[in-house]
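The values are calculated or read from the model by the stated rules, or taken from the named source; none is laboratory data. No experiment lies behind these values; they were computed from the predicted model shown. Heads up, the Cβs are rebuilt from the backbone with ideal geometry, glycines too, and the neighbour counts pull from every protein chain shown. Protein only, heavy atoms only, side chains kept; ligands, DNA and RNA dropped before computing areas. Shrake-Rupley method; radii C 1.70, N 1.55, O 1.52, S 1.80 Å.
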Amino acid sequence: MFYSSLTDASRLQFAVTAMYHWLFVPLTLGLGFIVAFMETRYYLLCKKAAKNPADSLSIQNNADFWLKTTKFWSTIFAINFAIGVATGIILEFEFGTNWSNYSWFVGDIFGAPLAIEGVIAFFMESTFFAVMYFGWNKVSKKFHLASTWLTAIGANISAIWILVANSWMQHPVGMHFNPDTARNEMVDFAAVVFSPTAISKISHTISSSFMLAAVVVIAISCWYLLKGREMEFAKKSIKLSAIFGLCSALFMAWSGDNSAYNVAKTQPMKLAAMEGLYNGEKDAAISIFGILKPGYEQGSDENPFYFNIKVPKILGYMANRKAGAFTPGINDIIEGGYQFEDIDGNEYTAKSFKDRQLNGKVAIKSLELYHFAKQQGDTSKLAELRNILQDNFKDFGYGYLKTPKESIPNVPLCYYSFRVMVGLGCYFILFFIASLLLLRAEKRGGKPLEKRKFLLRIALLSLPLIYICSQAGWVVAEVGRQPWTIQDLLPVQASVSGIKASSVYTTVIIFITLFTALLAAEIKIMCTQIKKGPHVNEE
């Protein structure tokens, strides 16, 4: 990549902010529903106790257990929610401070889902969160339960609108470029919201967040078992979370397959980087794991891998949903000339980088001439230039790139991050299954779960692994689409604000310090709360 110091600084700042923010978001998305399920159990037991006076004492004791459990996990949710909000607000402001050219170019479209997220979803979750956390004994049980569910739903709706905005950057649809304002304008809101990219990204990201929350609950519960504390609390929390996590993980695997197909059709360069695929092939094999040669250059005749363990034909089917189809590699995408089928099923001959670069330069130049003709009042020229611009606009961003190398993302980072994500995702499916089987074995007279010290320690070690898995997924998604801020339309070097790189680097240092302090504070507060245990919330 050949970026300026300012571009590198702006990318670093945004990456730091986004990755810190994503440490808090997934737990909020999943834990909200886990808490809602727990409180629903409490509410139903209270209703049952009222209807069965003879057994009301035993039923009420069970209800009190779920009340205690709900309050404890609500506290963990609240700690994480508060700090997640702080990092999220900063992230949105950076679009204006560091990426003003981007905001000008697509603000009419990108701003819409962000505005909906803020006005509807964020206020919804924030309002009902206050009732959820502070409303015990102040509102009815039914209203409190509704508030808990609405908090969980609101948090996820908030994430959905953010993901819609991000998906549009990956696959811009439902828009029209207005040469008079030099801005993209939305013409089809439904196309933006319901694009295949948005659907696959939402389903995959939300389900992975649910999986993360389930692992966190299980890991904390296993800590109690290792300490010989809160046995019933821990085991019931594990059971509920393992079921929730397994369902989420299986759905995540299915949505991941859909996401891979969507990437193959809308961002073939990203898929090629994820697979370290330089030369395309029919019925392409998928790489299970390999070691890439450092410094390998596109166009080289050497093998890019020291070794590569592959499974035949799998990638070709995942990318095309049929046998015998060609999956392009990095060299093919640069050279063009192969037959390609897009996400809508339209077949065409792929253009080379040089052709797209030429089209992009023609589009940029025609826009410049359009504004000059408009200033001169040359109305006869405007329609001609508008048509030239529209004919070449799909490749607009390539006009800012100088060499083919600039269009290639960081292949090693994409390749290894993808394998970390997929490998750990498979591990956690087994993790949830094992958790449920061990609980079932104990119920049938097998070894108590608290006696399986080695497995409990594995559960604790799984806590950092789930966060690594989550972060690796976003590395693949965002690094894989480089150099684009908006796929094919605007590269990062044309998106930044006209500010000093030194100022951005200063804020990077400030943000890293601030976010690290917030993360340390959250971990300390959560650890303190966990050590106190669920009894702290019984008052």
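As a summary of the residue check, Lys48 satisfies the conditions (1) at pLDDT 90 or above; (2) open to solvent by 10 Å² or more (accessible area, probe 1.4 Å); (3) within 17 Å of Leu145 (Cα to Cα) except for the one numbered (1).
Listed here are the residues, each with its yes/no results for (1) more than 30 Å from Val192 (Cα to Cα); (2) small (Gly, Ala, Ser); (3) modelled with pLDDT of 90 or more.
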site: Met38; (1), (2), (3): yes, no, yes
site: Ile59; (1), (2), (3): yes, no, no
site: Phe65; (1), (2), (3): yes, no, yes
site: Trp104; (1), (2), (3): no, no, yes
site: Ile109; (1), (2), (3): no, no, yes
site: Glu117; (1), (2), (3): no, no, no
site: Glu125; (1), (2), (3): no, no, no
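Checked against the criterion of being small (Gly, Ala, Ser) and in contact with a Pro (Cβ under 8 Å, 6 or more places away or on another chain), the candidates Gly324, Gly295, Gly280, Gly316 yield just one match: Gly280.
Here Phe14 fits the description: part of a helix (DSSP H, G or I), open to solvent by 40 Å² or more (accessible area, probe 1.4 Å) and within 30 Å of Val187 (Cβ to Cβ).
The residues on offer are Ala472, Ala477, Ala494, Ala501, and the sole one that is farther than 30 Å from Leu271 by Cα and open to solvent by less than 40 Å² (accessible area, probe 1.4 Å) is Ala501.
Each residue in region 311-352 was checked for being buried (at least 16 other Cβ atoms within 10 Å of the Cβ), aliphatic (A, V, I, L, M) and under 22 Å from Phe289 (Cα atoms), and 4 pass. The residues of region 172-199 that are among the aliphatic types (A, V, I, L, M), under 15 Å from Leu490 (Cβ atoms) and open to solvent by less than 30 Å² (accessible area, probe 1.4 Å) amount to a single one, Ala182. Val173 meets each of the listed conditions (1) in contact with a Ser or Thr (Cβ under 7 Å, 6 or more places away or on another chain); (2) of a type outside the set (Phe, Trp, Tyr); (3) assigned to a helix (DSSP H, G or I) apart from (3).
Restricting attention to region 147-169, does a residue exist that is assigned to a helix (DSSP H, G or I), among the aromatic types (Phe, Trp, Tyr), within 23 Å of Leu27 (Cα to Cα) and in contact with a helix residue (DSSP H, G or I) (Cβ under 9 Å, 6 or more places away or on another chain)? Yes, the conditions are met somewhere in region 147-169. The residues of region 334-362 that are charged (D, E, K, R) and part of a helix (DSSP H, G or I), listed by number, are Glu335, Lys354, Asp355, Arg356, Lys361. Note on region 126-163: among residues that are buried (at least 20 other Cβ atoms within 10 Å of the Cβ) and without any contact (Cβ under 8 Å) to a residue 40 or more places away in the chain, the one that is nearest to Leu23 (Cα to Cα) is Gly154.
The set of residues from region 385-441 being free of Cβ contacts under 8 Å to residues at least 60 places away in the same chain and of a type in the set (Asp, Glu) comprises just one member, Asp391. Name the residues in region 398-446 that are hydroxyl-bearing (Ser, Thr, Tyr) and within 25 Å of the chain's Cα centre (by Cα), would you? Result: Ser407, Tyr415, Tyr416, Ser417, Tyr427. For region 68-90, the criterion of a residue being of a type in the set (Ser, Thr, Tyr), open to solvent by less than 40 Å² (accessible area, probe 1.4 Å), modelled with pLDDT under 85 and in contact with a Ser or Thr (Cβ under 7 Å, 6 or more places away or on another chain) is satisfied by at least one position.
Yes or no, residue by residue, for (1) of a type in the set (A, V, I, L, M, F, W, C); (2) farther than 19 Å from Asn410 by Cβ; (3) assigned to a helix (DSSP H, G or I):
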| position | (1), (2), (3) |
| --- | --- |
| Arg481 | no, no, no |
| Asp488 | no, no, no |
| Gly498 | no, yes, no |
| Thr507 | no, yes, yes |
| Ile510 | yes, yes, yes |
| Thr516 | no, yes, yes |
| Leu519 | yes, yes, yes |
| Ile523 | yes, yes, yes |
| Thr528 | no, yes, yes |
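Please go through region 279-310 and give me each residue that is small (Gly, Ala, Ser) and surrounded by 18 or more Cβ atoms within 10 Å (Cβ to Cβ), ordered by number.
Result: Gly280, Ala284, Ala285, Ser287, Gly290.
Taking the conditions exactly as written (open to solvent by less than 30 Å² (accessible area, probe 1.4 Å), at positive phi and over 29 Å from the mean Cα position of the chain (by Cα)), does Gly276 satisfy them or not? So Gly276 does not fit the description; no.
When region 212-235 is filtered for residues that are part of a helix (DSSP H, G or I), buried (at least 18 other Cβ atoms within 10 Å of the Cβ) and not small (Gly, Ala, Ser), the ones remaining, listed by number, are Leu212, Val215, Val216, Val217, Ile218, Ile220, Cys222, Trp223, Tyr224, Leu225, Phe233, Lys235. From the list Lys365, Lys405, Lys374, the one residue that fits, being open to solvent by 60 Å² or more (accessible area, probe 1.4 Å), over 22 Å from Met175 (Cβ atoms), of a type outside the set (A, V, I, L, M) and not in a strand (DSSP E or B), is Lys405.
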